[in-house]
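Novice: Please find one structure pasted underneath; my questions will follow.
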Amino acid sequence: MMKLIGSNIYLASPQLKEFPYVWNMLNDKDARKFTGGIPQISYVERELLYAEQCQTFGENGNWELSIYSRQNNDYLGYAGFTFDDVNERYYLMYGLDRQYWGKGYATDAITLLLTFANKKLNISTIYASVHPKNASSIHLLKKFSFAKRDNEDLYILSS
């Protein structure tokens, strides 16, 4: 099991036992406003996809980790990278359960991920797609020096 440890959180390889929390996040109407929505499939179908994601972690650009609290080991959300093989680029992704928004956990997760991307994955350019009304995520990406690409909802960080 992979684990990246930060000051308040740790990132770990995804596990199927987390799926009920993931399902609740995927179906949160406020969060879906910013993610563009998730195609509606049944709980069982989505659980099978999540099981496959857990089994293929680290393969084919699948680096989506689970975020946990160091204080009590609660599942907080997910963060990581996914590889777009059509455009041959890595995208940063993250999402937190609503109760953990605005508490600095995404900042901690991105800090760990950027170090991991640089030292272990040798990724020199990272992309992030953000809903234009998600001011918190835009602010967060700018904090890490992601630059907005003209006329797109795409942000880029190059080292």
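The values are calculated or read from the model by the stated rules, or taken from the named source; none is laboratory data. Just so it is clear, the model here is predicted, and its values are computed rather than measured. All Cβ positions, glycine included, derive from the backbone under ideal geometry; neighbour counts span all protein chains shown. To get the accessible areas, we keep the full protein, side chains included, count just its heavy atoms, and leave off ligands, DNA and RNA. Shrake-Rupley method; radii C 1.70, N 1.55, O 1.52, S 1.80 Å.
Novice: Hey, could you check segment 143-158 for residues that are outside any loop (DSSP other than H, G, I, E, B) and closer than 15 Å to residue 93 by Cα and say which is modelled with the lowest pLDDT?
Specialist: 154
Novice: Let me ask you something else. Return the total of residues in segment 76-131 being among the hydroxyl-bearing types (Ser, Thr, Tyr), part of a strand (DSSP E or B) and open to solvent by less than 40 Å² (accessible area, probe 1.4 Å).
Specialist: Adding up the residues that qualify gives 1.
Residues are listed down the side, and each one gets a yes or a no for (1) part of a helix (DSSP H, G or I); (2) within 15 Å of residue 116 (Cα to Cα); (3) over 17 Å from the mean Cα position of the chain (by Cα):
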{"residue": "17", "(1), (2), (3)": "yes, no, yes"}
{"residue": "21", "(1), (2), (3)": "yes, no, no"}
{"residue": "31", "(1), (2), (3)": "yes, no, no"}
{"residue": "40", "(1), (2), (3)": "no, no, yes"}
{"residue": "46", "(1), (2), (3)": "yes, no, yes"}
{"residue": "68", "(1), (2), (3)": "no, no, no"}
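Novice: Can you pull out the residues in segment 4-55 that are at pLDDT below 85, in contact with a strand residue (DSSP E or B) (Cβ under 8 Å, 6 or more places away or on another chain) and open to solvent by 30 Å² or more (accessible area, probe 1.4 Å)?
Specialist: 35
Novice: Just checking, does segment 39-46 include any residue being more than 23 Å from residue 141 (Cα to Cα), among the small types (Gly, Ala, Ser) and without any contact (Cβ under 8 Å) to a residue 12 or more places away in the chain?
Specialist: Looking for residues that are more than 23 Å from residue 141 (Cα to Cα), among the small types (Gly, Ala, Ser) and without any contact (Cβ under 8 Å) to a residue 12 or more places away in the chain, one finds at least one in segment 39-46, hence yes.
Novice: Can you tell me which of (1) open to solvent by 50 Å² or more (accessible area, probe 1.4 Å); (2) assigned to a loop (DSSP other than H, G, I, E, B) is the one residue 58 doesn't meet?
Specialist: (1)
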